[in-house]
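> My questions will all concern the structure given below.
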Amino acid sequence: MTEGEKTRLIAWADEMRRVHDRLRKALRVTQKAIDAGDPAEPAARDLLLFCHGFCEALTGHHEGEDRELFPAIDRAHPELRETIRYLEQDHSMIGYLLGGLQAAVDQAATPEDLGKHLEGISAIMESHFRYEERKLLSVLDTLTLDAEVGEVFGPL
């Protein structure tokens, strides 16, 4: 294995950390926008963009993992099948919560109501990211996966 190949293998773990950090930051920005916003004000359009952007980014991240990353891990590490199933269940639950947030945004919910949606998403997202990092980062350091980063972790 060449040094360049080793660097690419390690990069998958680094990319997961970077993507999770960007999503955490996007959530904080969205939470701040909600805290400062009032749906009756013209700034509500910005709030809608933050919510929509965050939902799209998190959904794209999970879809990429489900489509590209998890099958590759399953092939290389069948002992992690139960972990992968658990993470996929988390993705489904987070998707459900994101749908609730999007419905609240579409119905012009109050900032307080939107904040409650984000609190729930934040708690589960953070728990999911920590579990995923704890269980998969060492695996990603050795995973051979011929794919683009955006295909694996979503278009961030």
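> Taking R0 as 30 Å, what's the FRET efficiency between residue 15 and residue 123 from their Cβ-Cβ distance, rounded to 0.05?
On the way: r = 24 Å, r/R0 = 0.81.
Result of the calculation: an efficiency of 0.80.
> Quote the charge dipole size of the stretch 3-139 about the Cα centre in Debye, to the nearest 20; the model charges only the Cβ of Lys and Arg (+1) and of Asp and Glu (-1). Can you show the working numbers first?
Values: 18 positive and 26 negative charges, 73 e Å.
In debye, rounded to 20, the stretch 3-139 gives about 360.
> For the pair residue 92/residue 151, report the inter-label distance in nm, with labels modelled 7 Å from Cα in the Cβ direction.
2.6
> Would you mind counting up the charge near residue 88? Only other residues with Cβ under 12 Å from its Cβ, with Lys and Arg at +1 and Asp and Glu at -1.
Taking every other residue near residue 88 into account, the sum is -4.
> I've got another one for you. Under 12 Å from the Cα of residue 135, which aspartates and glutamates turn up, not counting those fewer than eight places away in the same chain?
Straight-distance partners of residue 135: 79, 82.
Rule-based calculations on the coordinates, nothing more; no lab input. Because the structure is a prediction, the values reported are computed rather than measured. Cβ atoms come from the backbone with ideal geometry, glycine included; neighbour counts cover every protein chain shown.
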